[in-house]
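The values are calculated or read from the model by the stated rules, or taken from the named source; none is laboratory data. These numbers were taken from a predicted model, which means no experiment stands behind them. All Cβ positions, even for glycine, are placed from backbone atoms using ideal geometry, and neighbour counts span all protein chains on display. SASA here: full protein model, heavy atoms, side chains in, ligands and nucleic acids out. Shrake-Rupley method; radii C 1.70, N 1.55, O 1.52, S 1.80 Å.
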Amino acid sequence: MISEQEQVRRNKLQEIKSKRYPFPNDARITGTSTVVKAAAEKEKDLTEDKRTNFTIAGRIMTMRQMGKAAFIHLQDRYGRVQVYVKKDIIGDAAFEEFKTLDIGDIVETSGYGFLTKTNEPSLHASTLRLLVKCLHPLPEKWHGLTDVETRYRQRYIDLIVNEEVRDTFVARSKIIKEIRNFLDQENYIEVETPTFHSLTGGANARPFSTHHNALNIDLYLRIALELPLKRLIVGGFERVYEIGRVFRNEGISTHHNPEFTMLEFYQAYATFEDLMDLTERLFARLCQSVLGSTTSKFGEVEINWQLPWKRVTMLDSIYEIGGLDRSIPLDTLEGVQQAGETLGIKEAAWAEDYGVGLYELFDQGVQPKIVNPTFITRHPVEISPLARRSMDDPRFTDRFELMVCGMELANAFSELNDPEDQRGRFEAQLKAKEKGDLEAMDLDEDFLCALEYGMPPTAGQGIGIDRLAMLFTGSTSIRDVILFPAMKPITTKTGTSSNDQE
């Protein structure tokens, strides 16, 4: 159903079409909103004939008509600039057409920068013409539950009307650019690996499956970047990284989206401790170049990114952060069970396994309490099927997770390069899958073959780009940093959908 306002706009478009082709394709832009505003300040003492002329284009966001003159605000990718339009300058015909324009229309205008009586940098227009007609009124107010849902479904509208949303995605782009710059300077090489896999591996997660008709085989969308990159380490690429989309058939929440962006990097002849040092250097650079500060806001919480960051083993964190009394030992299954009862952790599934139980103590009793960046090290073998065992205690692995504001931001470990040990871990995963674990990995014979050729001592790490963007931009939902997040399709006849809240 077309609204009355939409019909008026469509009628205007038909009127234009009856006179000329409506959408010119010969716009030649020589300036931007930012350039015009800078010139207005710089050339304010020059006479009109000495000032620089610019041609800019953008979307009309406000319009104020005053008889034979008008002010509009034009928005381009850099922001907004005011444009002064006067009938005597642009001509009668152009001004008559200008009066039929609507907020949202895209126009081209030429002129010079100047300061108004209120000292607002503006463009004094000498020409103005319509490039594209906007057939829908732009929202005047943009808040509330229904509009939040529409923001995600129609991100293009969100980007038009919300400057802070555009800033969020500019910041996300800067983050990725600086990560690439940093890793390039650390002599890493960027690669691309397949999105379709014939086996699931690299993480414990439920995959999306599909079928390749020509080959007549079932395939999976990758759940991690890990195993192909480690094959490249075997092949001699001693420092390698990839930034790519991964897909996990899991629930949707403020911290989870079925497809998301991961950075994974691997370095031969390095340990997980080396990667903690490298991670701190990386974030020091990101804070300087993206935040311009060592602090950021996440909701009502202030995050202090100041180095160095706390490093604590998972076991010790249950005492230091979780608040467990040290009289309760955590070096046995019985102690873990007692700690679970003491901390009020009621889940029973973990109670038969030491490593899984220790992790549940951390996951439920420690992780939600962490605010500032903290390296949690030495994870149990049972929850680390691809990590190298610790030489001083084989129950644990040389692994860390970087926790910030209760979220896992990064996961890293010294890589398991013993093919026999890796086969045993894969076989344990297979047994879990046979018992119904939909997140367990497959046994990857080709990866085992690669390890048999010899993978040098290696450390690898994954960082969730979306969560990093959340923390750096103060976005409390992952949907706010993904341009087109996963949404339920609209199915009702009225064109609305149920609110799929997070």
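Below is a table of values for the structure above.
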quantity	calculated
The chain, relative contact order in percent, only Cα pairs under 8 angstrom and at least six apart counted	13 percent
Order by protection proxy (mean Cβ within 10 Å, highest first), peptides 17-26, 98-107, 280-289, 214-223	98-107, 280-289, 214-223, 17-26
Under 5 Å, built H, 5+ apart or other chain: amide partners of Gly31	Thr55
Gain upon complete extension [Leu115, Phe208; 0.36 nm per residue less C-alpha separation]	27.7 nm
Zero-based 5 Å bins, Cα pair distances in segment 164-291, whole percents	2, 9, 16, 18, 19, 17, 11, 5, 2, 1, 0
Convex hull volume per residue for segment 252-411, taking Cα atoms only, in Å³	146 Å³
Pairwise label distance in nanometres, Gln7 with Lys86, each label 7 Å out on the Cα-Cβ vector	4.0 nm
Gain on full stretching of the segment that runs from Thr254 to Glu192 - 0.36 nm per residue minus C-alpha separation	19.5 nm
Carbon/sulfur fraction of accessible area - the chain, other protein chains in place, 1.4 Å, %	50 percent
Unit Cα scatterers, Debye sum, segment 92-143: log10 I(q)/I(0) for q = 0.24 Å⁻¹	-0.97
Helical mean residue ellipticity (222 nm; -39500 (n - 2.57) per DSSP H run of 4+; nearest 500) of the chain	-10000 deg cm²/dmol
Summed side-chain charge close to Phe413 - residues other than Phe413 whose Cβ falls under 9 Å, Lys, Arg +1, Asp, Glu -1	0
Virtual spin-label span in nm between Ala27 and Tyr78, 7 Å along Cα→Cβ	1.5 nm
Long-range HN-HN contacts of Asp105 with modeled amide H, under 5 Å	Ile60, Cys134
Cα Rg, Dmax, the chain, angstrom units	28.8, 89
Amide H within-cut-off set for Phe413, under 5 Å, with H built and near neighbours excluded	Phe400, Gly460
Separation between Cα centres of segment 173-209 and segment 271-340, rounded to whole Å	24 Å
Probe 1.4 Å, protein heavy atoms only - accessible area per residue of segment 190-245 in square angstrom	50 Å²
Per residue, in Å², the accessible surface of segment 289-341 once ligands and nucleic acids are set aside, probe 1.4 Å	53 Å²
Cross-link partners of Lys50 among aspartates and glutamates (Cα-Cα below 18 Å; sequence separation of 8 or more within a chain)	Glu41
Calculated diffusion of segment 1-71, Stokes-Einstein form, Kirkwood radius summed over Cα pairs, 4 °C and 1.567 mPa s, µm²/s	81 µm²/s
27 Å Cα-Cα reach of Lys369 towards lysines, excluding residues that sit fewer than 8 places from it in its own chain	Lys297, Lys310, Lys346
Peptides ranked, highest mean first, by Cβ atoms within 10 Å: ranges 409-415, 326-332	409-415, 326-332
Separation between Cα centres of segment 16-54 and segment 439-469, rounded to whole Å	53 Å
